[in-house]
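Every number in this text was worked out from the coordinates using simple rules, so none of it is lab data. Computed from a predicted model, the values in this text were never measured in an experiment. Cβ coordinates were reconstructed from backbone atoms using ideal geometry, including for glycine residues, and neighbour counts include every protein chain displayed.
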Amino acid sequence: MTMAPVYLVDDDEGVRSALSLLLGTYGIRIETFGDPAAFLARAPKLKPGVLLLDLRMPAITGLQLHEKLAAIGCDWPTIICTGHGDVHACRRAFKAGVVDFLTKPVDEQVLIEALQQASGALDVHAERAEAAKLVAQLTDREREVLDMVGRGWSTREIAEALQLSPRTVDTHRANIAQKLGTTSVAEFARLALIGQAP
Amino acid sequence: MMLLPIPDAASPTMPRRLTFLRTSAALAGGWLLLLVAFGLYSATSHRQALEQDVSESGRSLQRAISQRVAQHDAHLTSLSALGLAQAQPSADFDLVARSILRFYPRVVAIDLIRLPAGEVVSSAKSADGSTVDPAQVAKAVEGLASGKAVYGADTRSGHYRLMKRMNDTLAVSLDIDGAKLIEGEELPRWAALTLATADGPLIETGAKQPAASSFLARTIRFDAPIASATQPLRLSLQRHVTLAELLPVLPLALFAAISLAGLVLVRSLLRHRQDAAVARAAVEAASRREALRQHETKLAHALRINSMGEMASGIAHELTQPLTALLSQSQAGRRIAAANGLQDTPIDTVLAANVLQAKRAAAILVRLRAYVGKSAEAPGVHDLCRHVADIVALSRIDLDRRGIALDLDLPDAPAPARVDPVEIEQVIHNLVRNAADAVEQAGRADGRVSVSLRAAGQTYEILVADNGTGIADNVLPRLFEPFFSSKPDGMGLGLSLCESIVERFDGSISAANGAGGGAVFTVRLPAAHETQTQEEAAE
């Protein structure tokens with residue numbers, strides 16, 4: 001499994017260089033930022049990756065940065081690191097969609113596992129975004145048909161349920177196959193599941 | 001935190017004594033007025049009673065005398081009828097005359113006179129009857145129509161005559177002792193009485209007194225003619241009244257004594273109440289001061305505890321960063337060593353030991369944090385308005401002394417939020433104190449700190465603003481960092497503590513420079529869905 005790039009935002013120079021060094025030994029691509037504002041400005045141009053944010057920074061907290069990033073569309077998996085181990089901040093972090101919450105100093109094992117999980121989440125995230133993009137091309141009627149196909153209904157059953165002729169249903173299926181780029185019923189089911197889920 | 005000196009209530013003794021004297025004088029004056037009014041009232045009513053007495057006895061005497069003099073007219077009529085019935089005056093006339101003398105002792109002599117020569121035809125006399133001068137009678141009735149009577153003076157004082165012409169040849173004369181017109185027991189003992197004719201007094205009793213003319217002590221008079229066509233008499237009564245007589249000494253003294261006793265009682269009750277009120281006020285002031293001191297002590301205690309926690313937390317945070325670097329670097333070092341075939345060499349062992357020591361230090365920090373982060377039970381719902389008002393009242397004592405104005409602006413409705421009231425008070429207290437320091441540092445004479453609370457959607461905002469010089473741009477981003485302070489002797493924990501507390505209740509705190517210069521700190525706290533606060537529940 002290839003690791004997504006990691007973006008580390010921490011105001012402490014020592015922490016930045018140590019973590020760069022450590023993650024480097026794992027072959028993980030890492031980019032570090034000392035200033036949250038600078039990262040916020042760069043983020044839209046960056047390749048999707050995992051965010052490793054320090055909770056306590058001057059002027060802006062890791063949580064606030066996370067919210068601002070989400071607001072500009074960088075809703076990437078985020079890990080918050082803190083020296084505080086503060087339960088309140090922790091609770092709010094999970095509510096805000098942060099995938100993990102680590103207490104500093106972080107043991108390498110814990111950190112690598114969290115990063116791998118976040119990277120997997122990013123893959124799912126990308127996959128879901130792709131599926132959603134495909135499903136979004138369908139008309140309402142096609143989406144209905146896709147849903148029924150995904151549940152294992154036959155053309156005749158769909159035609160009866162929707163009060164259409166079997167030929168019309170087949171036409172819909174052909175259009176769906178073309179728009180989604182696959183004729184596999186299993187793939188239909190997968191795309192219907194992840195592409196339509198909120 | 002320094003315990004603020006609370007000013008003692010001013011000593012109430014001096015003004016109290018003055019007040020007491022004033023009210024005493026007023027009461028004494030009132031009492032005197034009351035006495036005078038009571039005296040006037042009783043004198044006037046007594047005098048009216050006396051006037052009525054005099055006029056009533058005067059009238060009844062007048063009535064009695066009028067009846068008596070009318071009897072004289074009746075006697076004359078009877079006598080002349082008898083005298084005319086026979087050519088010669090008979091024994092009948094004499095008989096009737098004698099019985100009149102017997103039954104009416106004031107008629108002392110009855111004479112029948114022949115006209116015009118003036119000789120006595122018949123005469124009846126009682127013991128003190130005088131001898132009539134017939135010529136004088138003849139002269140008195142001369143020119144008088146028959147059956148008419150006339151009054152005449154008598155030679156003896158106190159006597160008068162009543163004469164009647166019967167016809168051309170006869171006249172009858174009565175000698176009347178005026179003193180007997182009033183019977184002894186009828187004479188009023190308390191008044192001077194005069195019954196007089198035009199020629200002089202018939203009766204005169206009581207010493208003549210000079211007419212007094214003072215306000216109340218005037219002489220009471222009764223003066224009336226006796227209703228008779230033939231006997232022109234006049235009755236007068238005089239009652240001299242002295243002030244001493246009018247003033248009822250005993251009732252007045254009684255009234256004075258009773259009212260004085262009443263006043264003294266009222267005065268002592270008043271004084272007692274006053275004393276009680278003063279004592280109560282003193283007790284209340286003392287308990288208020290005590291409550292303030294307790295509040296301060298509670299705040300100071302919370303501040304010590306929280307400051308300790310904040311300090312430990314700050315130290316932990318500061319140590320965490322280098323520790324993180326140390327651990328990660330050591331772990332990276334071991335991986336680099338392994339990649340270069342240096343596993344289990346002394347350098348790897350040293351790095352492994354570093355990893356262990358860093359983890360050990362981290363564990364200590366975890367324990368430290370767990371110790372200071374031990375938070376109390378879940379906060380209840382409290383009215384922010386009340387606690388902001390409380391802490392502003394407490395801070396006001398300090399700011400007043402420093403000559404800094406403190407404004408408070410609260411909404412009318414309560415502001416329920418889920419907080420620990422003492423900790424929130426501590427936050428506001430810190431902000432107000434910082435604001436006061438800033439104002440003082442700016443050296444402003446019109447130093448002013450304003451605290452306000454307002455609802456903004458589902459959030460309450462508490463603003464603490466001052467009119468100092470504001471916050472420098474390079475300080476603003478680091479304001480809430482632990483151990484960062486712009487004050488020379490500051491530890492840099494105050495605002496960091498405020499932030500920790502506010503965040504514990506899911507709130508936030510921010511700082512900015514106000515439009516008119518000076519800093520504005522805004523504390524935002526989520527509104528509680530429950531509207532009943534614990535303060536209300538307790539009430």
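Based on other C-beta atoms within 10 Å, arrange B:Cys385, A:Cys81 from fewest to most. Write down the numbers at each step before the final one.
On the way: B:Cys385 21, A:Cys81 26.
Ranking B:Cys385, A:Cys81 by Cβ neighbours within 10 Å, fewest first, gives B:Cys385, A:Cys81.
If neighbour count is taken as other Cβ atoms inside 10 Å, put B:Glu318, A:Glu108 in order from fewest to most.
In increasing order of surrounding Cβ atoms, one gets B:Glu318, A:Glu108.
What distance in nm separates the simple spin-label points at B:Asp489 and B:Ile315, each placed 7 Å from Cα in the Cβ direction?
Placing both labels 7 Å beyond Cα along the Cβ direction yields 2.3 nm.
Taking chain A as a Gaussian network, where each spring joins two C-alpha atoms under 10 Å apart, which residue of A:Leu102, A:Leu23, A:Leu46 fluctuates the most?
Maximum among the listed residues: A:Leu46.
With a sphere of radius 14 Å drawn around the Cβ of B:Cys498, what net charge do the other residues whose Cβ falls strictly inside it have (Lys, Arg +1; Asp, Glu -1)?
Details: positive: B:Arg433, B:Arg504, B:Arg524; negative: B:Glu310, B:Asp420, B:Glu423, B:Glu425, B:Glu481, B:Glu499, B:Glu503.
Every neighbour counted, the sum reads -4.
What shape does chain B have by the C-alpha gyration tensor, where a ≥ b ≥ c are the square roots of the eigenvalues, rounded means a/c under 1.5, and otherwise prolate means a/b greater than b/c and oblate the rest?
Working: a/c = 6.89, a/b = 6.76, b/c = 1.02.
It comes out prolate by the Cα gyration axes.
Listed here are the pairs B:Lys139/B:Lys180; B:Lys359/B:Lys487; A:Lys45/B:Lys359; A:Lys104/A:Lys133; A:Lys45/A:Lys133; B:Lys298/B:Lys359; which of them are more than 30 Å apart at the Cα?
Numbers: B:Lys139/B:Lys180 27 Å; B:Lys359/B:Lys487 36 Å; A:Lys45/B:Lys359 37 Å; A:Lys104/A:Lys133 39 Å; A:Lys45/A:Lys133 21 Å; B:Lys298/B:Lys359 38 Å.
Pairs exceeding 30 Å: B:Lys359/B:Lys487; A:Lys45/B:Lys359; A:Lys104/A:Lys133; B:Lys298/B:Lys359.
Please report the spacing between the Cα centers of the stretch B:62-122 and the stretch A:37-81 in Å, no decimals.
153
Summing Lys, Arg as +1 and Asp, Glu as -1, what charge do residues with Cβ under 11 Å from the Cβ of B:Met311 carry, B:Met311 excluded?
Cβ neighbours under 11 Å give a net charge of -1.
How high is the relative contact order of chain B, given as a whole-number percent (alpha carbon pairs under 8 Å, six or more residues apart)?
10
Cα centroids of the stretch B:472-539 and the stretch A:125-144: how far apart, whole angstrom?
Centre-to-centre (Cα) distance: 47 Å.
Kindly write out, for the stretch A:45-61 in residue order, the coupling ³J(HN,Hα) from the Karplus curve 6.51 cos²θ - 1.76 cosθ + 1.60 (θ = phi - 60°), rounded to whole Hz, with x marking Gly and Pro.
8, 8, 6, x, x, 9, 9, 10, 10, 7, 5, 9, 9, x, 6, 9, 8
Assign one of three labels to the stretch B:391-484, namely rounded, prolate or oblate, based on the Cα gyration tensor with a ≥ b ≥ c the square roots of its eigenvalues; rounded applies when a/c is under 1.5, prolate when it is not and a/b is larger than b/c, and oblate otherwise.
Details: a/c = 1.78, a/b = 1.26, b/c = 1.42.
Oblate is the answer for the stretch B:391-484, as a/c is 1.5 or above yet b/c matches or exceeds a/b.
How many nm is it between the label spots at B:Ala244 and A:Thr183, if each spot is 7 Å from the Cα in line with the beta carbon?
15.1
How do A:Lys133, B:Lys148 rank when sorted from fewest to most other Cβ atoms within 10 Å of their own Cβ? Please list the in-between numbers first.
Numbers: A:Lys133 10, B:Lys148 13.
Starting with the residue having the fewest Cβ neighbours, the order is A:Lys133, B:Lys148.
What shape does the stretch A:6-126 take by its C-alpha gyration tensor, where a ≥ b ≥ c are the square roots of the eigenvalues and a/c under 1.5 counts as rounded, a/b above b/c as prolate, and the rest as oblate?
Values: a/c = 1.14, a/b = 1.05, b/c = 1.09.
It comes out rounded by the Cα gyration axes.
Given the Cα-Cα distance of B:Phe38 and B:Asp275 and 0.36 nm per residue of separation, how much length would full extension add, in nm?
82.1 nm
To the nearest whole number, what is the average tally of beta carbon atoms from other chains within 10 Å of the beta carbons of peptide B:313-326?
Other-chain Cβ atoms within 10 Å of each residue's Cβ, averaged: 6.
Using 1/(1 + (r/R0)^6) with R0 = 60 angstrom and r between the beta carbons of B:Glu204 and B:Asn167, what's the FRET efficiency to the nearest 0.05? Spell out each step's value before the answer.
Numbers: r = 39 Å, r/R0 = 0.64.
Efficiency at R0 = 60 Å is approximately 0.95.
Applying 1/(1 + (r/R0)^6) with R0 = 35 Å to the Cβ-Cβ distance of B:Asp390 and B:Ala515, what FRET efficiency is obtained, to the nearest 0.05?
For R0 = 35 Å, the calculated efficiency reads 0.75.
Once you list every other residue whose beta carbon is under 13 Å from the beta carbon of A:Ile79, what net charge do they have if Lys and Arg are +1 and Asp and Glu are -1?
Every neighbour counted, the sum reads -3.
Ordered by residue, what ³J(HN,Hα) values in Hz, to whole numbers, does the stretch B:135-147 give under the Karplus form 6.51 cos²θ - 1.76 cosθ + 1.60, where θ = phi - 60° and Gly and Pro are x?
Whole-Hz 3J(HN,Hα) from phi for the stretch B:135-147: 5, 5, 4, 4, 5, 5, 8, 4, x, 8, 5, 5, x.
Residues of B:330-337, mean number of Cβ from any other protein chain within 10 Å of their own Cβ, rounded to a whole number?
5
B:Ala285 to B:Ala26: FRET efficiency via 1/(1 + (r/R0)^6), r the Cβ-Cβ distance, R0 30 Å, to the nearest 0.05?
Computed FRET efficiency for B:Ala285 and B:Ala26: 0.60.
Show the residues, 5+ positions off or on another chain, whose built amide H is closer than 5 Å to the amide H of A:Thr32.
A:Leu8
How well do other chains shield peptide A:98-105, expressed as the mean number of their Cβ atoms within 10 Å of each residue Cβ?
4
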